[in-house]
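Enquirer: I am attaching a structure below and will ask some questions about it afterwards.
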Amino acid sequence: MCRSLLVSLALAVTTVTASAQSAAGRTITVQGMLERPTYGAYRIAPDGQQVLFTRTDRDPKDWAATSHIWLHDLRGGRTFQLTNSPRGEANPQWLPDGRVTFTSNRDGRNAWYVISPSGGEASLLVEGGDSLPTGGTFSRDGTRLVFTQQTERADKKEWDERVKKRDDGYYAEQKLTWTHVWLYDLSAKKKTQLTSGETDNTGPAISPDYRLVAFSSNRTGRSARDANWSNNSDIFVMEATGGAPRQLTTNPGPDNGPVFSPDGRWIAYSSSDQVNSNADQLDVKVISVDGGVPRNLTAAFDYSISDIVWSPDGTRLYFTAAEGLFSHLYVVPAAGGTPQRVSFGADFVFSDMSWTADGSTWLVTGGSLREPGLVFRTATDGARPERLFAEHDRLDGYTLARADTLSWKGADGWDIEGVITYPHGYQAGTRYPTILQVHGGPHGRYAATFNQSAQIWASRGYVVLQGNPRGSSGRTFAFSNANRNDWGGKDYVDLMRGVDHIVARGIADPDRLAIMGGSYGGFMTFWAITQTPRFKAAIGHAGISDWYSFFGQTDIPNLLEFGFGGLPTQSKKTYEKWSPVEYADKVVTPLLITHGENDLRVPIPQADQYYRTLKKLGKPVEFLRYPREGHGITEPVHRLHLDREQEKWFATHVLGKPIAQ
């Protein structure tokens with residue numbers, strides 16, 4: 001057992017009162033955040049003396065991002081840039097011998113490289129022609145790498161010739177390539193394919209004695225785009241020298257992410273007993289490498305888990321769980337018992353950790369509503385916590401808005417949680433224009449972390465409310481599944497009750513309300529303006545307007561079968577009941593539709609349908625399209641343009657103060 005399961009870090013990560021807001025300075029903008037370096041991928045050295053991290057900067061000429069690896073010496077305090085390829089580097093990791101490995105396309109192809117922590121020239125770590133791995137898991141001693149690679153199609157040469165001749169017609173959803181597990185021996189510089197056949201295999205791990213390789217595989221033959229999709233995957237194990245894989249699990253739901261215990265006798269993995277669920281609740285399970293009945297270590301723990309890690313001595317397992325607006329680290333005995341939270345402070349949202357070879361020193365990362373990236377070094381028992389890299393996190397010179405968590409009663413009297421961000425200079429008793437932001441999913445969630453979008457809108461004088469209605473992740477299994485066959489029903493009520501709540505508190509101005517969201521949040525935006533005239537303006541990005549046609553367009557048709565209780569032909573009334581386009585004649589709110597033209601998740605015909613219908617009906621609507629963009633808007637120039645157009649839309653229709661073109 002840990003000497004102390006409750007790690008008490010006295011973090012000054014509390015929300016800020018209005019009187020304690022930042023002194024006047026720069027307001028947070030999209031451009032300002034693009035100009036600001038970002039940091040991540042923190043990893044502590046095996047001996048605990050150094051820390052790796054990445055720093056990403058953008059060229060102001062075209063906003064192209066380049067990341068480099070930096071090293072901080074904890075003994076002397078020196079920080080320096082370790083790599084400097086013009087094409088950048090990523091994924092820094094420590095090898096057991098103290099060298100640093102990373103991925104880069106510095107030679108025109110992505111590959112693993114290695115460099116001394118004292119600097120110098122990097123060399124290729126993994127060799128083997130043009131087909132090189134860019135991911136994978138290293139063995140405990142760093143001499144082997146297990147990874148996955150997709151095969152070439154069997155008729156590649158013939159197909160390439162056909163493409164040249166424009167004779168490239170093909171059958172939809174016909175699978176021609178497969179993802180297989182490979183092993184690379186760094187000493188012998190030898191690459192070996194371990195799995196074969198018409199199967200996809202993911203998440204390989206190698207045992208501490210290098211004898212076994214474990215991985216997960218969905219062998220139902222039904223992919224995610226298939227209307228008959230299956231989420232059933234199982235854990236397999238095989239000799240690292242090759243041979244036939246041996247199936248360890250037979251659970252009808254998904255089993256993924258195998259992790260070997262330090263002694264190599266056990267495999268921990270994430271698992272759900274739910275079949276074809278899109279609101280899975282994952283458990284920590286452990287099974288012997290020889291097979292048998294798995295043990296569920298979190299059967300009575302009503303939250304979904306992720307990121308399983310064994311303690312160095314193999315007696316405990318750590319995992320992450322999202323709980324409401326927070327994420328926490330938990331530990332559970334490998335032999336079974338009650339999971340215990342490892343606390344890093346009431347307002348700390350846990351993100352990741354790495355530790356030294358003996359597990360005595362941790363490097364913990366996370367955040368809060370006030371600070372986007374916190375890094376701490378601590379002992380296993382939480383003794384002597386030390387804040388590191390505060391300069392990476394500080395937003396000195398910026399005026400930050402106050403943000404708080406809050407809760408209210410939704411439909412059926414359920415407790416609904418959210419985050420409220422106040423405008424700069426907020427004064428209690430004064431009502432402000434308010435934006436309701438709706439997350440995607442529908443099984444996404446907002447967290448109690450620094451939110452750039454909310455801060456930008458707060459700098460413009462708006463209150464921002466972000467709610468997690470029923471169906472959001474981070475709550476119990478029942479809560480996350482409570483919106484089935486009811487998308488737009490009680491989850492919509494939950495959100496409207498949140499708006500009612502801050503209106504009743506004298507915060508929101510009921511005559512200056514707006515709504516915005518993307519993906520499922522875009523659907524909810526489209527839906528809300530068919531149900532109420534309370535919003536003076538709306539912005540819906542990548543939203544769904546017609547669930548019936550969406551089934552045949554999206555790359556995740558299984559989500560609809562799960563959410564609406566069957567195929568469109570089987571549940572036609574349900575699909576139509578919750579489709580905003582069916583109620584387009586009721587819209588009075590000015591709507592700005594935005595969409596990426598290459599969106600495969602929510603293809604742009606969903607926007608076309610709603611826009612054309614509203615336009616034909618004479619409704620106030622505009623449609624902003626972005627070439628090359630997928631489900632999100634990622635090109636920096638597009639992000640800047642979208643932000644300006646959103647600001648103008650709300651200024652015109654909510655504030656009544658049009659911004660000049």
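Enquirer: Just the residues that are under 25 Å from Arg512 (Cβ atoms), outside any helix (DSSP H, G or I) and open to solvent by 70 Å² or more (accessible area, probe 1.4 Å), please, taken from the range 621-658.
Expert: Selection gives Glu622, Lys657, Pro658.
Enquirer: Hey, which of the strands (runs of 3 or more DSSP E) in the range 316-402, taking only ones fully inside, have at least 2 residues that are among the small types (Gly, Ala, Ser) and either open to solvent by less than 40 Å² (accessible area, probe 1.4 Å) or in contact with a helix residue (DSSP H, G or I) (Cβ under 7 Å, 6 or more places away or on another chain) (or both)?
Expert: Numbers: elements: 316-323, 326-333, 340-342, 349-355, 361-367, 374-379, 386-388.
Answer list for the range 316-402: 316-323, 361-367.
Enquirer: What's the total number of residues in the range 403-418 that are assigned to a strand (DSSP E or B) and open to solvent by 30 Å² or more (accessible area, probe 1.4 Å)? Steps first, please.
Expert: Step one: of the range 403-418, the residues assigned to a strand (DSSP E or B) are 403-409, 415-418.
This time we only want the ones that are open to solvent by 30 Å² or more (accessible area, probe 1.4 Å), so: 405, 407, 409, 415, 417.
Here the count works out to 5.
Enquirer: Sticking with this one: What are the pairs, 6+ residues apart or on separate chains, where a residue within the range 569-587 that is open to solvent by less than 100 Å² (accessible area, probe 1.4 Å) has its Cβ under 6 Å from a residue that is small (Gly, Ala, Ser) and modelled with pLDDT under 95?
Expert: Hits for this filter: Ser571/Gly565.
Enquirer: Moving on. Please tell me if Asp599 is at pLDDT 95 or above and either in a strand (DSSP E or B) or closer than 30 Å to Pro636 by Cα (or both). Break it down into steps so the answer makes sense when it comes.
Expert: Working: at pLDDT 95 or above: yes; either in a strand (DSSP E or B) or closer than 30 Å to Pro636 by Cα (or both): yes.
For Asp599, the condition - at pLDDT 95 or above and either in a strand (DSSP E or B) or closer than 30 Å to Pro636 by Cα (or both) - is met.
Enquirer: Okay, next question. Within the range 215-223, is there a residue that is among the β-branched types (Val, Ile, Thr), free of Cβ contacts under 8 Å to residues at least 24 places away in the same chain and within 21 Å of Glu561 (Cβ to Cβ)? Give the steps one after another, and end with the answer.
Expert: Going residue by residue through the range 215-223, those that are among the β-branched types (Val, Ile, Thr) are 220.
Applying the additional criterion that residues be free of Cβ contacts under 8 Å to residues at least 24 places away in the same chain yields 220.
Checking the rest, the ones that are also within 21 Å of Glu561 (Cβ to Cβ) come to 220.
There is at least one residue in the range 215-223 that is among the β-branched types (Val, Ile, Thr), free of Cβ contacts under 8 Å to residues at least 24 places away in the same chain and within 21 Å of Glu561 (Cβ to Cβ).
Enquirer: So, in the range 260-275, how many residues would count as being more than 20 Å from Ser480 (Cα to Cα) and not in a strand (DSSP E or B)? Break it down stepwise before answering.
Expert: Looking only at the range 260-275, we keep the residues that are more than 20 Å from Ser480 (Cα to Cα), and these are 260-269.
Narrowing the set further to residues that are not in a strand (DSSP E or B) leaves 261-265.
Number of matching residues: 5.
Enquirer: Continuing with this model, one more query. Regarding the range 139-154, can at least one residue be identified that is more than 30 Å from Asn84 (Cβ to Cβ) and free of Cβ contacts under 8 Å to residues at least 24 places away in the same chain?
Expert: Checking the range 139-154: at least one residue is more than 30 Å from Asn84 (Cβ to Cβ) and free of Cβ contacts under 8 Å to residues at least 24 places away in the same chain.
Enquirer: Restricting to the range 96-138, what's the tally of residues that are surrounded by fewer than 18 Cβ atoms within 10 Å (Cβ to Cβ) and part of a strand (DSSP E or B)?
Expert: Total satisfying the criteria: 3.
Enquirer: Also, I was wondering about something else. Could you list all residues from the range 368-413 that are of a type in the set (Phe, Trp, Tyr) and within 21 Å of Arg341 (Cα to Cα)?
Expert: Phe376 - this is the single residue of the range 368-413 that is of a type in the set (Phe, Trp, Tyr) and within 21 Å of Arg341 (Cα to Cα).
Enquirer: Considering only residues that are under 30 Å from Gly441 (Cα atoms), aliphatic (A, V, I, L, M) and open to solvent by 50 Å² or more (accessible area, probe 1.4 Å), which ones fall in the range 255-295? Give the derivation first.
Expert: To start, the set of residues in the range 255-295 that are under 30 Å from Gly441 (Cα atoms) comprises 255-259, 268-286.
Now restrict to residues that are aliphatic (A, V, I, L, M): 259, 268, 275, 279, 282, 284, 286.
Of everything in the range 255-295, just one residue is under 30 Å from Gly441 (Cα atoms), aliphatic (A, V, I, L, M) and open to solvent by 50 Å² or more (accessible area, probe 1.4 Å), namely Val275.
Enquirer: While we're here: Kindly indicate whether any position in the range 542-559 is of a type in the set (A, V, I, L, M), touching a Gly at 6+ places or on another chain (Cβ under 8 Å), in contact (Cβ under 8 Å) with a residue 12 or more places away in the chain and open to solvent by less than 30 Å² (accessible area, probe 1.4 Å).
Expert: Residues of the range 542-559 of a type in the set (A, V, I, L, M): 542, 544, 556, 559.
Those left that are additionally touching a Gly at 6+ places or on another chain (Cβ under 8 Å): 542, 544.
Next, from what is left, pick out any that are in contact (Cβ under 8 Å) with a residue 12 or more places away in the chain: 542, 544.
From what's left, open to solvent by less than 30 Å² (accessible area, probe 1.4 Å): 542, 544.
Yes - at least one qualifying residue is present in the range 542-559.
Enquirer: Could I ask something else about it? Which condition does Thr298 not pass, out of (1) crowded, with 19+ Cβ neighbours inside 10 Å; (2) modelled with pLDDT under 95; (3) farther than 28 Å from Gln193 by Cβ; (4) among the polar types (S, T, N, Q), if it passes all the others?
Expert: (2)
Enquirer: Restricting attention to the range 541-565, which residues are part of a loop (DSSP other than H, G, I, E, B) and either touching a Phe, Trp or Tyr at 6+ places or on another chain (Cβ under 9 Å) or of a type in the set (A, V, I, L, M) (or both)? Outline the logic, then answer.
Expert: Start the filter on the range 541-565 by keeping residues that are part of a loop (DSSP other than H, G, I, E, B), which leaves 542-546, 552-556, 565.
Ala542, Gly543, Ile544, Ser545, Asp546, Ile556 - these are the residues of the range 541-565 that are part of a loop (DSSP other than H, G, I, E, B) and either touching a Phe, Trp or Tyr at 6+ places or on another chain (Cβ under 9 Å) or of a type in the set (A, V, I, L, M) (or both).
Enquirer: Which of the residues belonging to the range 236-259 are under 15 Å from Gln281 (Cβ atoms), in contact with a Lys or Arg (Cβ under 9 Å, 6 or more places away or on another chain) and outside any loop (DSSP other than H, G, I, E, B)?
Expert: The answer is Asp255, and nothing else.
The values are calculated or read from the model by the stated rules, or taken from the named source; none is laboratory data. Everything quoted here is computed from the prediction, not taken from an experiment. So basically every Cβ, Gly included, is an ideal-geometry build from the backbone, and we count neighbours across all protein chains shown. Side chains included, ligands, DNA and RNA excluded: accessible areas come from the protein's heavy atoms. Shrake-Rupley method; radii C 1.70, N 1.55, O 1.52, S 1.80 Å.
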